[in-house]
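Engineer: Take a look at this one; I'll ask things after.
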């Protein structure tokens, strides 16, 4: 049995941000905290998906990162002379710079030593302590628990994909899946489905390998927005009205309206338009109706356009809108009658505490932090609130 002061369940952006903030703001020794995540290393899924989609720069500005100090990323870039680390007026960091900064934080605060590569299967509470059981038979006792599990298993799958039964085969894959996807399994012609930032980045990546053999399919024209929600949601400009609303259903409606799903920043719009004009990427604006397999090919039909025959399909259709509470956490919530909205999303307090010493992050805080809960800014804000609780 292992005894800790803080256990963070999840080793992604939220989990690492929480660990850094606890160490720096609460002066918690890294030996007294543990990050439980089944991946072989911290930020593994984040980095893998960034590479899989061909991401070159983050959508968020330089002040959104995993450290406490607002200009930590800029200071890091200056110290190590990253001359091409930022892009545009918002100083959006390159993926390489952002990852180097994250790796520096992990090394500085010895978080590799705090990582437990395992999966939580049960959460109990007895005598003021949390008892965490894992898939590999470990038992960890902790004073406090932070749930930062993310959305890896909440992929949005179009109905036509579900009907085909072909998802996760050698022919159709979701780019945000936690499953392994080998580049060698992707063949041309390639259909990329989606109209947002992930779809455009993915199409551009594969157009370098298969020029003229990549089809980007979207139900709508490109929607331009620098960020995934208005910057006003980061401060009192929009959060003041949010605070006046107590009804969780109203808040859920506000979140859905404020999130600019399927949008892309201007720089990416210019890149994808250039690729389309040059013929490296073909664009089809229509709704997919069916997909069927014939030998080693896929026949795709649309609502209006002529059918296409391709060899591979990459889905860039994002995640489900609602945050699924992990089964072990749902069981704990029922046992202790913890408050939740009608949609199932937890309702922790303003410091993100759901039970004595139990805190939430990421999508589980949608109805407290608002539209930014799921992005890097939300992770940083949540980490700060918990560390100061």
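The values are calculated or read from the model by the stated rules, or taken from the named source; none is laboratory data. Only a predicted model underlies this, so the values are computations on that prediction, with no experimental measurement involved. We place every Cβ from the backbone using ideal geometry, glycine too, and count neighbours over all the protein chains shown.
Engineer: Taking the condition surrounded by fewer than 16 Cβ atoms within 10 Å (Cβ to Cβ) and in contact (Cβ under 8 Å) with a residue 60 or more places away in the chain, does residue 128 pass?
Structural biologist: Working: surrounded by fewer than 16 Cβ atoms within 10 Å (Cβ to Cβ): yes; in contact (Cβ under 8 Å) with a residue 60 or more places away in the chain: yes.
Taking the combined requirement at face value, the residue satisfies it.
Engineer: Quick one: which residue in 216, 238, 176, 204 is closer than 28 Å to residue 327 by Cα and either outside the structural domain of residue 372 (by TED's automatic domain parsing) or part of a loop (DSSP other than H, G, I, E, B) (or both)?
Structural biologist: Working: 216 fails: closer than 28 Å to residue 327 by Cα; 238 fails: closer than 28 Å to residue 327 by Cα; 204 fails: closer than 28 Å to residue 327 by Cα.
It is 176.
Engineer: Does segment 33-45 contain any residue that is assigned to a helix (DSSP H, G or I), free of Cβ contacts under 8 Å to residues at least 40 places away in the same chain and closer than 29 Å to residue 229 by Cα?
Structural biologist: Yes - at least one qualifying residue is present in segment 33-45.
Engineer: Looking only at segment 306-330, which residues are surrounded by 15 or more Cβ atoms within 10 Å (Cβ to Cβ) and either more than 25 Å from the chain's Cα centre (by Cα) or farther than 17 Å from residue 173 by Cα (or both)?
Structural biologist: Start the filter on segment 306-330 by keeping residues that are surrounded by 15 or more Cβ atoms within 10 Å (Cβ to Cβ), which leaves 308, 310-319, 321-326, 328-330.
The answer is 308, 310, 311, 321, 322, 323, 324, 325, 326, 328, 329, 330.
Engineer: Let me ask something additional. Listed residues 104, 75; which is more than 25 Å from residue 325 (Cα to Cα), modelled with pLDDT of 95 or more, assigned to a helix (DSSP H, G or I) and more than 24 Å from the chain's Cα centre (by Cα)?
Structural biologist: Exactly one of 104, 75 is more than 25 Å from residue 325 (Cα to Cα), modelled with pLDDT of 95 or more, assigned to a helix (DSSP H, G or I) and more than 24 Å from the chain's Cα centre (by Cα), namely 75.
Engineer: Further question: For the list (1) touching a strand residue (DSSP E or B) at 6+ places or on another chain (Cβ under 9 Å); (2) exposed (fewer than 15 other Cβ atoms within 10 Å of the Cβ); (3) in a loop (DSSP other than H, G, I, E, B), I need the number of the one condition that residue 260 fails.
Structural biologist: Unmet condition: (2).
Engineer: Being touching a residue at least 40 places away in the same chain (Cβ under 8 Å) and on the phi > 0 side of the Ramachandran plot, is that true of even one residue in segment 231-248?
Structural biologist: no
Engineer: Quick test for you: out of 287, 250, pick the one residue that is out of contact with any helix residue (DSSP H, G or I) (no Cβ under 6 Å at 6 or more places or on another chain), at pLDDT 95 or above and not assigned by TED's automatic domain parsing to the domain that holds residue 171. Talk me through it step by step, then tell me what you get.
Structural biologist: Values: 287 fails: not assigned by TED's automatic domain parsing to the domain that holds residue 171.
One residue alone meets the criteria, 250.
Engineer: Which ones in segment 135-154 are at pLDDT 90 or above and either surrounded by fewer than 18 Cβ atoms within 10 Å (Cβ to Cβ) or not assigned by TED's automatic domain parsing to the domain that holds residue 332 (or both)? Quick ask: steps written out before the conclusion?
Structural biologist: In the first step, residues of segment 135-154 are kept if they are at pLDDT 90 or above; the result is 135-149.
Hits for segment 135-154 are 135, 136, 137, 138, 139, 141, 143.
Engineer: Just to check your reading of the model, which residue among 113, 118 is outside any strand (DSSP E or B), within 25 Å of the chain's Cα centre (by Cα), touching a residue at least 12 places away in the same chain (Cβ under 8 Å) and exposed (fewer than 15 other Cβ atoms within 10 Å of the Cβ)?
Structural biologist: One residue alone meets the criteria, 113.
Engineer: Sticking with this structure for a sec: If I filter segment 353-363 for residues that are surrounded by fewer than 24 Cβ atoms within 10 Å (Cβ to Cβ), touching a helix residue (DSSP H, G or I) at 6+ places or on another chain (Cβ under 8 Å), in a loop (DSSP other than H, G, I, E, B) and assigned by TED's automatic domain parsing to the domain that holds residue 123, do I get at least one hit?
Structural biologist: Checked segment 353-363: no residue is surrounded by fewer than 24 Cβ atoms within 10 Å (Cβ to Cβ), touching a helix residue (DSSP H, G or I) at 6+ places or on another chain (Cβ under 8 Å), in a loop (DSSP other than H, G, I, E, B) and assigned by TED's automatic domain parsing to the domain that holds residue 123.
Engineer: Report yes if some residue within segment 62-69 is touching a strand residue (DSSP E or B) at 6+ places or on another chain (Cβ under 8 Å) and not assigned by TED's automatic domain parsing to the domain that holds residue 200; otherwise report no.
Structural biologist: Looking through segment 62-69, at least one residue is touching a strand residue (DSSP E or B) at 6+ places or on another chain (Cβ under 8 Å) and not assigned by TED's automatic domain parsing to the domain that holds residue 200.
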